[in-house]
Structure formats: C-alpha cells, structure tokens
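Down below is the structure, laid out as structure tokens.
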Amino acid sequence: MMEKQQSYLLIQNSTAYLYISNVSNILNFKEEIDENITNDKVNSLVIIWNSLNSHSNTTTKDEKLEIYRWLNTLKIISVAVVDADCSGDLLELIMICDIRLGGNKLSIKFPEDESEFTFNFEERCNLLMGTDRISISYNSLLKSTLNHQEVLNLGLINKVINTEGLIDEIEAYINKLIGNKSIEQINSIKKCFNNYKRLGLSANRELLLVEECKQSCYLIAKKYLEK
C-alpha cells in the first residue's frame, strides 16, 4: 500500500483517489477535488492512508475543522481506506467519512479520553454503528485497541478488503453502491448520505422527507455496504 510519493491525487473511472500520509494533506488537494466535482468528473472520493506511521497528530484544530466541514458538505460519497495502525487524527478522519474500508493489518487505538475528539464521540459512534451494536456506552471503547475483525464486527468499518489489488477492490465496492445507476439515482444516493451526516441523530425530529432519506440510507447500507 505504500507509495514512493506519499501524497497525491489520481482521477480514475469517475473516482478521485487521494493518497495521504498526513491528514492535513487533504487541504492541498481540496480545491482540485472541488473543481472535478463541479465539472461532474467524479462521483466518489477515496482517501487512502499511504504511510506506515499512524501517529498523525500534527493537524491543527483549525485544519481539522476545515477538513471536517468540507467532508460533511461534500456532494460526493467519501470513502476512507486504511491498512495500518489507526489512531489520533486518522481515526477522527475515518469516522467523518461515509464509508470505511480496512485491510487485515488495520487496528484501531481509541484515545484515553473523549475530549481528544473534535466531535462528540458517543454521538458519532451512534450515528455510524447504531444504538444496538453494543450493550453499554460507546465510551467504553476509550483506551482500547481493536483489530480489523473486531472493528468490522462492531460496524466501525464496512468491509475488510484485500489490499494487494487495492484499486480493483475499491472499484468493485463502489460499483455495488453506485455502479450501473443513472445520474439521478447517484445524486439521490449522494443527497441521502449528506442529509444523514448533516442531521445525524436529530433526523428523528425532522420532517418526514428527511426521515425517508434516513431510511433510504439504512436500506442502502444494508443492501450494499455490508456485502
């Protein structure tokens, strides 16, 4: 999974593949990605962690907030791919993305305290993994380290993939979600993800149309993301 050039952007088959070795690298490519989105050249953004060093805690709070705001309003589907130890800024990043894919070398180390997260940890876990995955508070995950199978069972990642044929695996997964669909259908799926991310757990208190979007997200996840 490692590359000689650790941070770069590759556009292929309507997908933007962004290889990064530091979370703040995203800001260097944000404008180019936005331009490709505006010109309808990409339908998904795949952020691939391209370093064996998981200690990516050099991103400033302002940089993280800028990245998270951008991802939360992104008009295309965002996918995070990690096949290494995952903690700190990198863990926060994958929890902001719509979809998380991991290799068999993935392990996730949760921080000592929830205050280390920029967002509300418990609420984000409920949003990503649901309220029925764990019998006690998600805060019990703090201070723990889980391997790829454990986080898959928990629902924090959507699938474990073979990183030997990384691009093929990612393309196959994205095709399950938006392949062979019209532009209108793809746009609907994008809006579904965006509404769910924007409203989060408060979606239950919003208009019926939004609740239908939330239900649609659930059905999409059940049909495509857990295969």
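Fully extended, how many nm does the chain gain between N120 and N72 (0.36 nm per residue separation, minus their Cα-Cα distance)?
That pair, N120 and N72, stretches by 15.8 nm at full extension.
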* Asked: So what is the relative contact order of the range 8-170, in percent, for Cα pairs below 8 Å that sit 6 or more residues apart?
  -> 18 percent
* Long pairs among K41/K105; K30/K64; K64/K143, criterion Cα-Cα beyond 24 Å -> K41/K105
* **Point-to-point label distance, D34-D62, nm (Cα→Cβ direction, 7 Å offset)** => 1.7 nm
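Throughout, read-outs are computed from the coordinates displayed, never taken from laboratory work. All values derive from a computational prediction rather than experimental measurement. Using ideal geometry, Cβ is built from the backbone for each residue, glycine included, and neighbour counts are taken over all protein chains shown.
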